Each structure stands twice: as C-alpha cells, then as structure tokens.
1. What figure, in Å² to the nearest 10, do you get for the accessible area of A:GLU167 with a 1.4 Å probe and non-protein molecules left out?
2. Points 7 angstrom from Cα along the Cβ direction at B:ALA168 and B:MET38: gap in nanometres?
3. Net charge near A:PRO251, counting Lys/Arg +1 and Asp/Glu -1 over other residues with Cβ under 15 Å of its Cβ?
4. Which shape class applies to the protein assembly as shown: rounded if a/c is under 1.5, otherwise prolate when a/b exceeds b/c and oblate if not, where a ≥ b ≥ c are the square roots of the Cα gyration tensor eigenvalues?
5. Would you mind checking which residues have amide H under 5 Å from A:PHE253's amide H? H placed 1.01 Å from N; only 5 or more apart, or other chain.
6. If you take the beta carbon distance between B:THR144 and B:VAL30 as r and set R0 to 30 Å, what does 1/(1 + (r/R0)^6) give as a FRET efficiency, to the nearest 0.05?
7. What residues in the range A:66-84 lose 50 Å² or more of accessible surface when the other protein chains are added to their chain alone (1.4 Å probe)?
8. Separation between the A:ASN260 and B:THR69 pseudo-spin-labels, each 7 Å from Cα along Cα→Cβ, expressed in nm?
Amino acid sequence: MADVRLTEIRKSFGALDIIKGVDLSIETGEFVVFVGPSGCGKSTLLRMIAGLEDITSGELTIGGSVMNDVDPSKRGIAMVFQSYALYPHMTVRENMGFALRFAGMAKEEIERRVTDAANILELGPLMDRKPKALSGGQRQRVAIGRAIVRNPDVFLFDEPLSNLDAELRVHMRVEIAKLHKTLKSTIIYVTHDQVEAMTLADKIVVLRAGVVEQVGAPLDLYDDPNNTFVAGFIGSPRMNFLKAQVASIAPGFVTVSLANQPDVQLRLPAAAPSVKVGDEVSIGVRPEHFRAAGQGDADLVVAVDVAEHLGNTSYVYAHVSAGERIIIERAESRSAINREKLTVGLSAASSFLFDSAGTRVR
Amino acid sequence: MTPTPAPSARTWRFLPAASTYIALSIAAFVSLFPFVWMLISATNTSIDIIKGKTSFGDAFSTNVTNFFTLVDVPLVFWNSAKVAILTTLLTIAVSSLAGYGFEMFRSKMRDHIYSLVLLTLMVPFAALMIPLFMMMGRAGLINTHVAILLPTIASAFIIFYFRQSTKAFPTELRDAAKVDGLKEWQIFLYIYVPVMRSTFAAAFVIVFMTSWNNYLWPLIVLQSNETKTITLVVSSLASAYYPDFGVVMIGTILATLPTLLVFFIMQRQFVAGMLGSVK
Ligand SMILES: Nc1ncnc2c1ncn2[C@@H]1O[C@H](COP(=O)(O)OP(=O)(O)O)[C@@H](O)[C@H]1O
Ligand SMILES: [Mg+2]
C-alpha cells in the first residue's frame, strides 16, 4: 500500500512559518499535483514527504506507517529533482544503479532493473555516457529512470519539466502520463504550471502561502472553484473578475449589477448566499465563457485594446467601463474584432460569484 | 578636422594586444630569469658566480659531488617529503571537511564561527611563533616533524577556498544522495570528493608547495640535523662562513624539482580548480 497521509503538517524555518497546517490524503496509485505560485511552499512540502526537511509538527504516514523521523531512503519514495541531480562523475548506467548497489542488491538484479527502466525510457544507446554528454530531455529521462529502478511506492517530482524548452515539456508531460499508466504507482508532482497540473493530475492540490486552498479533480476545480485564487489559478488564460454590487436577493438567487454599469444585471444562482444587498462582490467569467451579443443573460459592452488571432481561436484584450482589463475568447469570429467596441453576452450559468474577501458565494 | 589615416587606426587597434604581449614578456622574464640563472650557476664555481658569470661553466659535476658529500641527501629528502605529504593530506582532509560543513549545515552560529576562522588570517605568523614554540616545548614536540604539522593543518585559507568552491556544489546532489540512502560521510566521500576533484587538486598543489617551501617555522622547531628539511639544509649551506654558491645552486635545483613535478602533473586540474570545479 502506498497511500500518503498528512495530518496538520507544519514547517517553520526559525520564526518563519512556511507550511501552515496541511491535511491531505493521497490514495494508492493516485497522481496528485501540488500547484501554486512560486514560493508558496510546494517544494518544502514535497521535501518533507521525502524526508529532506524535518517536519516541525504534524504527522506523515506512508502506507500506514508514521514516517516523520524515518530516513529518506527507507520511506519507499524516489525523487526526481528540478535540476535532475545526476551524479556527474558516473555514467547513466551507474547513476541508475547507484542506489541499488549501495543497498547491497545482487549484480544481476540491478542489471535487470536498470535494463528494464532503460527500455521503458528508451535510454539504451545512452547507458555509457556521462550526464555532461546528454541533452536536457535525456538527463530528465535518466533522472526518472533512476527513480524507477528503485521500484518505489511513491514517486516525488519537483518541477521536473521547468528546465526544458516548451516543445520538450509537452513531450515529457505525455511521457510522464504514460509512465503513470504503466507503473500505476502513487505520484506526487509539484509544478507552478497549471497546464501541467490540469493535464496530469487525478487530484490537484492548490497551495497558497503554505495553506491548501482547494483539493479536487482538475475539472472540479475548473467548474467549481472555492475562491478567486483557485478560480484565477486554474484555467488559461486566467478568469476575468468584474466588480459588481448585490442589487437584490431572492430565494436561490442573487442579483448583481456591474460597477459603473448598474443596468447590466445578472441573476446568479446561490442557494445560501453569504452576502447582503449593497455588498461589493465580484463576478468571475472565464474568457471562453463569454457569449455572443444577445445570446447570454445580459449584454456587456467592452472597449477593445488588442486582438490576437491564433488561428483556431482569437483572444480579445479589452476593458470594461469600470476599468478592469479582461480577456475574451472568440472561437467563432475573426473579423468582429477589428472595432473599438464589442458587445458580449454574459451567462449566469457559467459565471461565478465571489464576496469581497474572494470567497465563493454559492 | 582631418580624417584619421588608415594605418594609424590599425596601429591603435593592435596596441592593446601589443601591450598585453609586452606585459606578459616582462612577467615571463621576471619569473624565468631566476631559474635560468640557477641552472647556469650550478655549472660554475663559487668564485665565478660571485663575479656574475652568465654563461655555462664546467664545475657541474664537482658541485654535485660536493653537495652529496656535504649533505645526507636521501635523509633530507625523506624528511621534506614526509612533512610535505603528511601536511598536505591532513590539511586537505581537515579543510575540505570544514569547508563542506560550513557551506552545507545551517546553524545560527555558523557565520560567527566562520568569521572567527577568517579572522585568524589576519594574525601574522610572527606573532604566533613564540606562543606556538612554547606550546610545542611543553608538549615535548620540539625537534619532531609533528611540531611542523600541527599548526598548519587547520588552514583558514584552504578552509575558505573549500567553502567558496562548495558554493558551486549543487545541493540537490546531496538531496539525491540522501534519497539514495547515503549517510553524510558517504555523500562527502562518494559524491562530493569526486565531483570536486579539481578543487582538491588545486588545494593539493597550493598546500604541497607551501609546505615543501616552508622555512621559518621548521627553522625554529627543527634543531638536529636528522630532522632537517631540504629548505633548511640549503639555507644553512648558503649562510656558511665561506658559502660555496655552486653547491647551494645544486641544492636549490634539487629542492625545486618536486614542486615543479607536482605542478606539471596537476597543472590542468589546478587551473580547472581555480576556475571552479563544477561544470
Ligand atoms: N532552508 C530554508 N530556510 C529558510 N527559508 C526557506 C528555506 N527553504 C525554503 N524557504 C522559504 O520557504 C518558502 C517556500 O519555498 P519553496 O517550498 O521552495 O517554494 P516553492 O517550491 O513553492 O516555490 C520560500 O519563501 C522560501 O524562501
Ligand atoms: Mg520549488
């Protein structure tokens, strides 16, 4: 069993609290992605699971046993580092077999495992090279191979693709997804890139400043974010936020009017609204959720700044009269954009309501 | 304004290169001249040397014979080699561990202790000589090679050098090694040492040369002829009542050979080490 459980995990460096009480359950075989902006504590949390940082307080279990003070090599984990961390004085083969040799495994068994991993990762012709003679993508594969041969219960990845160029990153992303399918092991993967998170994860953990903001399947986070932070972080281009004010509240619904444009009103579903009439709120609309004029529940006129045509779709950069900049995706039209004003439809069903603190109003 | 004529422009362009070569030539002359002069003098009689003769003579074999009769060459070389090699190995062992520790382990006291270590660089050796001599005397170590070793092993400069070089050692390598099951001393031995080998080579050259050429402290603590090193012997030849400079030059050549040898063998690693170990 390779489930990982974190209970009230905290980490301080001196007086600095970096991880502020994290509770998390990761099931066997799950691909979990920690995502969040740079400096939010993703690496620290991962390194605590690996045993490379002490746990200040809280409990960590892997496969049911408490691992707080267990040596990293005895936790049943293997880690792939951002800089790959291959031993520069060893060949690929030696790098991959090093941990096993060190653990006193029989030569034939090491050879068998290294060869297996090399086959999975197509490293065959590179086995006798030193890391210096490999490209970034190849080093990355060796680093993954070094993790695979140890046959760990849990794989830990710390931003493994961030040193690769864009094309290779997409390629390796697919490779890692395939690998998970093949090996079926538990994977904890850290990234600041929400696209990696969305495409790879069974479950995303969104972190901000050492606190878990939301945990859920990628599409659940996309469809149903708990707050403006998660809403803004998941989805690309990021969600637009429009300032608004609560105009009236009816059972099951909150009606808001846009700042500066009180005539633009939206009736949003909210079973138990935590706001009252007159409150400042914001409406979140994803770029891809704007409708054509007249097709939504309300029309909004925006001033166009620039338009980008990507071929399959177009992005309109615009601002509303209250001044907020917004991005509108217009898959269907290329010509409609070359004008100063654009009217778009807002749909209540695909808009999110947040209170002034950024918490979702449902 | 008249336009600058082309040849002059070209001259100006070559001037930086030319001045570089002139400066390098002067430096080469200054460093090579003593060597050449040493070689020439070794073939002349003492009288000729004093007269300032600058051509090769025919007294080489006489000088060699005289040197070997005056000096117990195997013993003196053995003393020097023993001291230099032991000093080098021990200094590198202690200083590399200290440099590694200072860079790898975080602690509140770290930078205070490190400042103290660096502070010792500012105390001139002359100020330490007498207290050190008294310490060695109390410990009964006067006239032993241990007395030369002990004060030099923990070298602030080499610790500094190792700490600076360790900054380029990727900490993720240490993390990877921990995950692979290595203890701290194993990380040091199996990862750090091989990765930093040019740093070690450069340190080896520096410490070996310093130790081999060390004069003042051995002069003070080594008093019997059985323990003296080559530098002491050569200098005692030179300060005799009637010094035979031809013989002194033979001694100087022999004393220089090991350092030259070490440098030429480790030249590439030395340069790499001075430029930084980790690529
Ligand atoms: N050893 C350390 N000592 C002090 N602060 C640290 C240490 N390691 C990390 N931090 C701080 O912890 C915070 C989180 O770091 P990290 O986990 O690396 O962030 P992320 O991986 O999400 O970018 C950062 O503000 C960083 O400066
Ligand atoms: Mg990080």
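1. In the full protein context, A:GLU167 sits at about 150 Å².
2. 3.0
3. Net charge around A:PRO251: +3.
4. prolate
5. So A:PHE253 has HN proximity to A:ALA270.
6. Working: r = 38 Å, r/R0 = 1.28.
Efficiency, from the Cβ-Cβ distance: 0.20.
7. A:PHE81
8. Placing both labels 7 Å beyond Cα along the Cβ direction yields 10.8 nm.
The values are calculated or read from the model by the stated rules, or taken from the named source; none is laboratory data. Computed from a predicted structure; not experimentally measured. When we count neighbours, we look across all protein chains shown, and the Cβ atoms used for this are built from the backbone with ideal geometry, even at glycine. Remember, those area values only see protein heavy atoms, side chains included, never the ligands or the DNA or RNA. Shrake-Rupley method; radii C 1.70, N 1.55, O 1.52, S 1.80 Å.
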